[in-house]
């Protein structure tokens, strides 16, 4: 909790220790800045989505008395800058407050199950990159929680973060549910019968802790470790009975296909196993859990009654029978989800003089066995010490959040959170092959995360990133190909091809020389890249096939593009859609990643030139004769005979009035995945100078980019759009990028529960927002980061592996520039960049080695728009960001 004592005196906010206490739950997935007299954004929660406190009206009054600058600032992740002047904090200064106390986990929790806007954010208890993530279940919903009035059906152990996925499968298995005011024989154990609403204003969370309450007054609390956790139900004294349902069959999507339950009444232990459908693919997975209900130091919590329940028949699943003293359930595997409802019901007795009745449950989770699930609980929570577990979780988050530090002489605190939840560390829980290497899940999916999540980890968390990279390489050891998507431990659908390639290329470029220190065998990493670039699996798309990774390399090597309507003579099959976007993204950028890794790891020049040349194949899907909105030349599908297959460039854009299928299905007949030709025609991050030339030069490129935004083709919540606000850099107009990024941040993000413009996508949106706020943007599989005008006055990046702290100072920083449309005369245009006192030769890009190298980087800004246009990226012959076609990304 973050509680500040505030009072109101004579129309102003002033100090008082006792008069008024308010809880401010500040948005950490967004940038919040309080500066003298100005509150840019302050996220409050009332009822289920607003502030709870003893003085909410006073809090609202204070907020209304501060001048609120126009514009919204973002939601997804991550940075919170707090400078309190008129609001005094007598408990502790804001600068001294734990960073975890500033996090609001509820932003992005408004969207529905099928991935609508709002974020699909997970607000529950978890440690960074945890296997376990606990919160309430509201179906269908991969994250479990929805900030609305939906009924809760359970409190379960694992969830996805920020994803859409299937409505047929997912996590949320083995939920608990507290019951009261019933007898053992007639308790409403069925999922529809027991579901209940949450009490208004009861939801609260900080990193590592989640709590809510039901309308009947039963309070729930959760905290966790990596593979285990604690759940506590506190029952009001006026309720009759203390019962807990342990549900075997109901996951979030009701996809149970068989499992077991065993009660050991003497020890208070319940062991479960269950098979369920995955959340992004056609496969199923088996999970195991172990619940303990007899805390060693709590003699007041005694198991009173136990038994099992199950549907009388599959044809009448809501007709449920409870069998007291029954201790086992077993359901054979079925090839499709069973409607059966089954689980355990237990009750507890407490001393008559007990002031409250709190049931504490410890659990462990495993993908290996129930015995390992029990061992995980015993190892990670041996003493059932709630405070120790919660404090340890908070400490882990404090460490992670402190890696982006705000200059405390100007801003009081900094936090980034959402981008650090996944991938999930399932090391020692790999159920498929024996390996000494880490095993990570929730690679969901690499197409979503290669652009921002992994580059952000490279800056602040190389040790964790090395483990994740190792998991990618180990996936190649098992299958022969770099994983694309892994959900619920299973290989998932392939969105484009092998988007893990730029992730491995990125690691090779940035840390390949020190791979052995980080435990990454870089020769294996390189071989994984080459094999994935060269070999075509029998099925390069998941269609009930064990090969669910890889690319259509037969076609790529034959044509230098992915042809439409072509049959592979080798017999390899797959989903023959998304041909243009696969060419541009998965194949061209993937081969560029192999090239870059070859240079970094001192591989043969033959490989370097081969993959560099192949990476330019994106030019082969450029049709110079297509015109849209007065602009000529667009990426299109292309037949094997060299002719083009026309698709209107507007198709699959926000302006598409026909309603084309733009996903991965067989009905996608436009050639692009989740985006349009209007957008993908800008996509060649390793050779943007080529795109500038193809579009007609700098002026036309600038006009076309501006038209793309003003016409409405931009969709902030979709990954192909991520780099678009900085496209102007490549036409020597970083001044326009500075304006466009501000428009995106302040127009498309917000501090409400629906404030993420689309799914958070495993932290992709969170990491994007972090980069925009820092004034940086990564170029895939390279050491280049584009420089933009930061939204902070100063910050420091800490790299724990390198032991460095790099301070960024924005000289001339102007708070007035923080808005969607900065007023004329506000300072936001970069005039100069110095690195440890030496002038840098570009205003548009900076090297990763400099960003993590320690020392000080000063970015100077001013308000002269005309001079900024004339200045561009600078006068040096290396001022523009690199492009492969113009000699960039050199061999040195």
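The values are calculated or read from the model by the stated rules, or taken from the named source; none is laboratory data. Given the structure is predicted, the values throughout are model-derived calculations rather than measurements. Here Cβ is always computed from backbone atoms with ideal geometry, including for glycine, and neighbour counts include all displayed protein chains.
In table form, for the structure just shown:
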quantity: Odd one out for residue 478, checked against (1) in contact (Cβ under 8 Å) with a residue 12 or more places away in the chain; (2) assigned to a loop (DSSP other than H, G, I, E, B); (3) surrounded by fewer than 22 Cβ atoms within 10 Å (Cβ to Cβ); (4) out of contact with any helix residue (DSSP H, G or I) (no Cβ under 7 Å at 6 or more places or on another chain); calculated: (2)
quantity: Check on residue 238, part of a loop (DSSP other than H, G, I, E, B) and closer than 28 Å to residue 424 by Cα; calculated: no
quantity: Odd one out for residue 147 among (1) at pLDDT 90 or above; (2) in contact with a helix residue (DSSP H, G or I) (Cβ under 7 Å, 6 or more places away or on another chain); calculated: (1)
quantity: Whichever residue in region 517-542 is surrounded by 15 or more Cβ atoms within 10 Å (Cβ to Cβ) and in contact with a strand residue (DSSP E or B) (Cβ under 9 Å, 6 or more places away or on another chain) and, among such residues, is modelled with the lowest pLDDT; calculated: 542
quantity: Extreme residue, surrounded by the most Cβ atoms within 10 Å (Cβ to Cβ), among residues of region 851-877 that are without any contact (Cβ under 8 Å) to a residue 40 or more places away in the chain and closer than 29 Å to residue 822 by Cβ; calculated: 874
quantity: Members of region 749-773 that are part of a helix (DSSP H, G or I) and more than 29 Å from residue 486 (Cβ to Cβ); calculated: 773
quantity: Only listed residue being without any contact (Cβ under 8 Å) to a residue 60 or more places away in the chain, over 30 Å from residue 813 (Cβ atoms) and either crowded, with 21+ Cβ neighbours inside 10 Å or under 22 Å from the mean Cα position of the chain (by Cα) (or both), chosen from 471, 442, 388; calculated: 471
quantity: Residue 753 vs. criteria crowded, with 24+ Cβ neighbours inside 10 Å and within 29 Å of residue 500 (Cα to Cα); calculated: no
quantity: From the options 683, 701, residue that is at pLDDT 95 or above, in contact with a helix residue (DSSP H, G or I) (Cβ under 7 Å, 6 or more places away or on another chain) and within 29 Å of residue 164 (Cβ to Cβ); calculated: 683
quantity: Flag if residue 815 is at pLDDT below 95 and under 20 Å from residue 740 (Cα atoms); calculated: yes
quantity: Some residue of region 410-432 being assigned to a strand (DSSP E or B) and either in contact (Cβ under 8 Å) with a residue 12 or more places away in the chain or within 25 Å of residue 461 (Cβ to Cβ) (or both); calculated: yes
quantity: Flag if residue 613 is within 16 Å of residue 891 (Cβ to Cβ) and outside any helix (DSSP H, G or I); calculated: no
quantity: Whichever residue in region 351-370 is more than 23 Å from residue 440 (Cβ to Cβ) and surrounded by fewer than 18 Cβ atoms within 10 Å (Cβ to Cβ) and, among such residues, is modelled with the highest pLDDT; calculated: 351
quantity: Among residues of region 644-664, those that are touching a strand residue (DSSP E or B) at 6+ places or on another chain (Cβ under 9 Å) and assigned to a loop (DSSP other than H, G, I, E, B), counted; calculated: 5
quantity: When residues of region 696-708 are limited to those that are over 34 Å from the mean Cα position of the chain (by Cα) and closer than 22 Å to residue 845 by Cβ, the one surrounded by the most Cβ atoms within 10 Å (Cβ to Cβ); calculated: 698
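Residue-by-condition table, conditions (1) surrounded by fewer than 17 Cβ atoms within 10 Å (Cβ to Cβ); (2) over 24 Å from the mean Cα position of the chain (by Cα); (3) in a loop (DSSP other than H, G, I, E, B):
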| site | (1), (2), (3) |
| --- | --- |
| 155 | no, no, no |
| 158 | no, no, yes |
| 171 | no, no, yes |
| 177 | no, yes, no |
| 202 | no, yes, yes |
| 211 | no, no, no |
| 217 | yes, yes, yes |
| 222 | no, no, no |
| 233 | no, yes, no |
